[in-house]
1. State which residue is least open to solvent (accessible area, probe 1.4 Å) when the search covers only the range 104-123 and only residues that are of a type outside the set (Gly, Ala, Ser) and farther than 17 Å from Arg13 by Cβ.
2. Given the conditions (1) open to solvent by 60 Å² or more (accessible area, probe 1.4 Å); (2) free of Cβ contacts under 8 Å to residues at least 12 places away in the same chain; (3) not acidic (Asp, Glu), report the number of the one that Ala45 does not fulfil.
3. Here are some conditions: (1) part of a loop (DSSP other than H, G, I, E, B); (2) under 19 Å from Ala18 (Cβ atoms); (3) in contact (Cβ under 8 Å) with a residue 40 or more places away in the chain. Thr115 meets all but one. Which one does it not meet?
4. Take Val173 and tell me if it is among the hydrophobic types (A, V, I, L, M, F, W, C) and open to solvent by 20 Å² or more (accessible area, probe 1.4 Å).
5. Could you list all residues from the range 137-160 that are of a type outside the set (D, E, K, R), touching a residue at least 60 places away in the same chain (Cβ under 8 Å) and either in contact with a helix residue (DSSP H, G or I) (Cβ under 8 Å, 6 or more places away or on another chain) or open to solvent by 80 Å² or more (accessible area, probe 1.4 Å) (or both)?
6. Filter the range 59-74 for residues that are closer than 18 Å to Val108 by Cβ and not charged (D, E, K, R); which is surrounded by the fewest Cβ atoms within 10 Å (Cβ to Cβ)?
Amino acid sequence: MRRAGTPPRHYVRDAAQADLEAVLATKAAAWREAYGPYRDEAFFAAAERTLPQQLEHWRTELARGTALWLAEDAGGRCVGLAAAGAPRERGGALPPGLPGLELSALYVLAEAHGTGVADALLERAIGRQACLVWVVTANERARAFYRRHGFVDHGDPAPMSGPWAGLDEQLMVRRGA
């Protein structure tokens, strides 16, 4: 927690197209930190080789209205990111009655854990709105973070596919304040 009169160590701002490479580099580093216990080096190397496709994906996401924010340290280096927009279908239609907003990404480098960066990114991305988020079930740190912010499990965990095969993800929902 910051003392009164002390400038914040991190700043959250809207991300622009020009920020995408830094944002994706931060995402890749945060993935290594968060998912290292569950995936091998080949998984991360393969993901990092897809940077051109990821850049195109995020350009498309920004064009379709997905909002993207980044957190910078005092030196202007990206240490976290968040994205939110309309819910995406995952292998079929979403169950009825879910919020119309999805937090599609929230990643913070381990060096910024415990600093309030994730809280600030979440606040900027969704405020107090009703929202859904999919979380890798094994990532208990993330699940505890979302529970602290009013999210609850919705339904049963679902098996992941492709490079994520062998892990489950849990839909978590916050009904809003």
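The values are calculated or read from the model by the stated rules, or taken from the named source; none is laboratory data. In this text, all values refer to a predicted model and were calculated from it rather than measured experimentally. Positions of Cβ are backbone-derived with ideal geometry, glycine not excepted, and every protein chain shown enters the neighbour counts. Each accessible area value is taken on the protein alone, full model and side chains, heavy atoms only, with ligands, DNA and RNA left out. Shrake-Rupley method; radii C 1.70, N 1.55, O 1.52, S 1.80 Å.
1. Filtering the range 104-123 for residues of a type outside the set (Gly, Ala, Ser) gives 106-109, 111, 113, 115, 117, 119, 121-123.
After this cut, where a residue has to be farther than 17 Å from Arg13 by Cβ as well, the list is 111, 113.
On the way: Glu111: 114, His113: 76 Å².
Across the range 104-123, the extreme among qualifying residues is His113.
2. Single failed check for Ala45: (1).
3. Condition not satisfied by Thr115: (2).
4. Values: among the hydrophobic types (A, V, I, L, M, F, W, C): yes; open to solvent by 20 Å² or more (accessible area, probe 1.4 Å): no.
Criteria not met by Val173.
5. Those that are of a type outside the set (D, E, K, R), touching a residue at least 60 places away in the same chain (Cβ under 8 Å) and either in contact with a helix residue (DSSP H, G or I) (Cβ under 8 Å, 6 or more places away or on another chain) or open to solvent by 80 Å² or more (accessible area, probe 1.4 Å) (or both): Asn139, Ala142.
6. Start the filter on the range 59-74 by keeping residues that are closer than 18 Å to Val108 by Cβ, which leaves 67-74.
From what is left, the residues that are not charged (D, E, K, R) are 67-71, 74.
On the way: Ala67: 16, Leu68: 22, Trp69: 23, Leu70: 25, Ala71: 29, Ala74: 10.
Result: Ala74.
Here is a yes/no grid of residues against (1) on the phi > 0 side of the Ramachandran plot; (2) part of a loop (DSSP other than H, G, I, E, B); (3) acidic (Asp, Glu); (4) open to solvent by 30 Å² or more (accessible area, probe 1.4 Å):
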{"position": "Ala18", "(1), (2), (3), (4)": "no, no, no, yes"}
{"position": "Val23", "(1), (2), (3), (4)": "no, no, no, no"}
{"position": "Ala34", "(1), (2), (3), (4)": "no, no, no, yes"}
{"position": "Pro37", "(1), (2), (3), (4)": "no, yes, no, yes"}
{"position": "Pro52", "(1), (2), (3), (4)": "no, no, no, yes"}
{"position": "Gly76", "(1), (2), (3), (4)": "yes, yes, no, yes"}
